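Remarks on the structure that follows.
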Amino acid sequence: MNAAAATPAQPEAEAAPYLALLGQMMRIRAFEEQARRLFASGQVPGLLHLCSGQEAMAVGVCSALRPTDVIASNHRGHGHCLAKGADPARLMAEILGCASGYGLGRGGSMHVFDPANGNIGTNGIVGGGIPLAAGAALSAQRRGTDGVAAGFFGDGALNQGLLFEVLNMAAIWRLPVLFVCENNGYGEFTAIETVTAGKSMIARGQVFDIPAEHVDGMDVLAVRAAAERAVARARAGEGPSFIVGTTYRYGGHHAGDAQDYKDKVEAEAWQKKDPIPRLARHLIERGLASAAHIDALGKEVEAAIEEAVKAAKAAAPPTASDLVRHLYA
Amino acid sequence: MPEARTDSYRGAVRDALALAMRADANVILMGEDIGEAGGVFKQTEGLFAEFGAARVIDTPISESGAFGIAVGAAMTGLRPVFEVMFGDFITLVMDQLVNQAAKVHYMSAGAMRAPLVLRTAVGIGASLGPQHSQSLHAWAAHVPGLKVVLPADPADAKGLMMAAIDDDNPVVFIEDRNLYTLKGPVPEGPYRVPFGQAAVKRPGRDLSVIATGRMVSIALAAAERAAAQGIEAEIVDPRTLVPLDVATLVRSVQKTGRALVVDGGARAFGAGAEIAATLAEEAFDWLDAPVRRLGAADLPVPFNANLESLILPDARGLAQAMIALVRG
């Protein structure tokens, strides 16, 4: 259901779905900010890919899904996990390599699985989650449920051959799947234009007769509306959709990326489109929330994330006996 | 064990698929030409008619994407049996197999699993050339999280396939095209051959021959030749490389004091090397001679039939190796 279409008598009730989207985006931003700080102080092992700036994509799409619907995520996946219901304390524990993490601290940021919330994994292989999402859609279809799956990937995955194979099969089998491309302008350290042919990204879906649309990936309401259209088609048996959202990653490819390949002016221009203040302004303009209320929401969310981070930092590391567990089911 | 009838290796696998599909609606088949066409080697003949297009799914020639979809389906409730037409083509599904399916259970701390079977056909001897004749099972066996099965006869083929479909892990099931017409007694109805249980296919006192897949048939024929020279070879078929039944292999070597390992893959860094090294470590005290290892030549498998016939040891060559190992 489109939140904008609902006009209940109570303003609080009308505001609630918007505030939920706002709170969810704030939560992801606060989480990523904490992760960035922990990384900068040397507490996060390995690689860390943050999604600050891209929150509207994860929140917009996941808000159109049911808890039982499935997502497959990518290496920049903390936002997807949280938007699909992950516990921030367990997520951060996994990022820190602790035993209370989703994978006993043995997967890390790029390998987070939360099937209870329909999340079949962040992924260390660019494009790796795309067939998994389509497979979940095949499973829902063949088992006769009305479940839907969404696969998140970046613009870098647009040039993986795997994507084209899967788009073709999703189309011929009319799989209930959303292909969600988060175009943040860069595949690792390389601008998308320099490695990508073709005038239109959505043409890559259209060539398979898959309904495809561009969306402003900094506008959570626009993302959600596009996702709702796609989900409705999928549930109705009308097959896959392809959504390309234009967005931006503030922190570069990985935490600690100096981003010398970027233009400072460009980064500042994108910050002006930030999805969080944008929705906040929208709510204030429409009289759905006051600035004070939004401020309080932000503080509440930040405090909750701080608590979660505290819990994660206090968590025990895995023991040597955890090394050999779960190799086989 | 229920009554047995005579069936071919191909028919036995097909029987296992049909029984598993009747028992569990979540078992589906995916692959190229497996539907109405019934498979390029007729491995799925009749299954499309019985189970329909929803469960016997013809994929485009997109191994990587289609197998990736099978992995995602396995992670979310289905039990796909995915056919890779030629063993060589597992190169095309390696990312989905190695980086996704093999690690899901471990990375998710047991919260997710990928119960699927990748079945594929290998085989030297039909002039199929270097890109259609390789036996790459050692690649799969090298990846923790995968199980690897090489049935050598019809009864094992059926029971191992049923066990593979039951298994909650990704299983690589290697069939040999040369065995498809091999006939043997096959028990009626459903039964499982448990993984990790080697079978002594021929008892003998003078040496242990550990043979895999198609090499079991060749080793059995070679053993008859060696017997004519007074050498009694014990033929042990591991049946599954992962898990490997080290105990049965060691027990055989304890009895015979000699071990010859024969695998159909390229010899260098192959399954035979792993088994030979394991026996050297675990059975050293009982060995009266160094472990001997035979396999395919470390070459691409050539097209020309005369050259191709030189790639694998035949029964005669294998018998000579048996005799040489015993007589020193």
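The values are calculated or read from the model by the stated rules, or taken from the named source; none is laboratory data. Keep in mind it's a predicted model, so treat the numbers as computed, not measured. Heads up, the Cβs are rebuilt from the backbone with ideal geometry, glycines too, and the neighbour counts pull from every protein chain shown. For the accessible areas, the whole protein counts, side chains as well, though only heavy atoms, and no ligand, DNA or RNA atoms are used. Shrake-Rupley method; radii C 1.70, N 1.55, O 1.52, S 1.80 Å.
Examine the range A:157-179 for a residue that is within 16 Å of A:Ala64 (Cβ to Cβ) and surrounded by fewer than 18 Cβ atoms within 10 Å (Cβ to Cβ), and state whether such a residue exists. Talk me through it step by step, then tell me what you get.
As a first pass, look at the range A:157-179 and keep what is within 16 Å of A:Ala64 (Cβ to Cβ): A:176-179.
Now narrow it down to the ones that are surrounded by fewer than 18 Cβ atoms within 10 Å (Cβ to Cβ): none.
No - not one qualifying residue is present in the range A:157-179.
Being more than 26 Å from A:Ala40 (Cα to Cα) and under 17 Å from the mean Cα position of the chain (by Cα) is the requirement here; does A:Ile243 meet it?
Values: more than 26 Å from A:Ala40 (Cα to Cα): yes; under 17 Å from the mean Cα position of the chain (by Cα): yes.
It is true that A:Ile243 is more than 26 Å from A:Ala40 (Cα to Cα) and under 17 Å from the mean Cα position of the chain (by Cα).
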* To do: Only residues in the range B:1-26 that are open to solvent by less than 60 Å² (accessible area, probe 1.4 Å) count as the first member; pair them with residues that are assigned to a helix (DSSP H, G or I) and among the aromatic types (Phe, Trp, Tyr), Cβ under 9 angstrom, at least 6 apart or cross-chain, and list the lot.
  => B:Ala18/B:Phe51; B:Met21/B:Phe51
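Could you check the range B:172-253 for strands (runs of 3 or more DSSP E) lying wholly inside it with 3 or more residues that are surrounded by fewer than 20 Cβ atoms within 10 Å (Cβ to Cβ)?
Values: elements: B:183-187, B:199-202, B:207-211, B:233-237, B:240-242.
The qualifying strands (runs of 3 or more DSSP E) are B:183-187, B:199-202.
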* Please enumerate the residues belonging to the range A:60-94 that are under 18 Å from A:Ala304 (Cα atoms) and open to solvent by 10 Å² or more (accessible area, probe 1.4 Å). => A:Ala83, A:Lys84, A:Gly85, A:Asp87, A:Pro88, A:Ala89, A:Arg90
* **Meets criteria (within 12 Å of another protein chain (Cβ to nearest Cβ) and closer than 19 Å to A:Pro240 by Cβ) for A:Gly127** => yes
* Every residue from the range B:73-118 that is among the aromatic types (Phe, Trp, Tyr) and either in contact (Cβ under 8 Å) with a residue 60 or more places away in the chain or more than 8 Å from chain A (Cβ to nearest Cβ) (or both) -> B:Phe82, B:Phe86, B:Phe89
* **Among residues of the range B:48-69, those that are part of a strand (DSSP E or B) and either in contact (Cβ under 8 Å) with a residue 60 or more places away in the chain or within 7 Å of another protein chain (Cβ to nearest Cβ) (or both), counted** => 0
* **Residues that are exposed (fewer than 13 other Cβ atoms within 10 Å of the Cβ) and without any contact (Cβ under 8 Å) to a residue 12 or more places away in the chain, drawn from the range B:273-306** => B:Glu281, B:Phe284, B:Asp285, B:Pro290, B:Asn306
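Let's see how each residue does on (1) modelled with pLDDT of 95 or more; (2) closer than 30 Å to B:Pro115 by Cα; (3) open to solvent by less than 30 Å² (accessible area, probe 1.4 Å); (4) within 25 Å of the chain's Cα centre (by Cα):
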site: A:Asp257; (1), (2), (3), (4): no, no, yes, yes
site: A:Val265; (1), (2), (3), (4): no, no, no, no
site: A:Ala280; (1), (2), (3), (4): yes, no, yes, yes
site: A:Leu283; (1), (2), (3), (4): yes, no, yes, yes
site: A:Pro317; (1), (2), (3), (4): yes, yes, no, no
* Scanning for something within 20 Å of A:Ala230 (Cβ to Cβ), facing chain B (nearest Cβ under 9 Å) and part of a helix (DSSP H, G or I), does the range A:152-159 turn up at least one residue? -> no
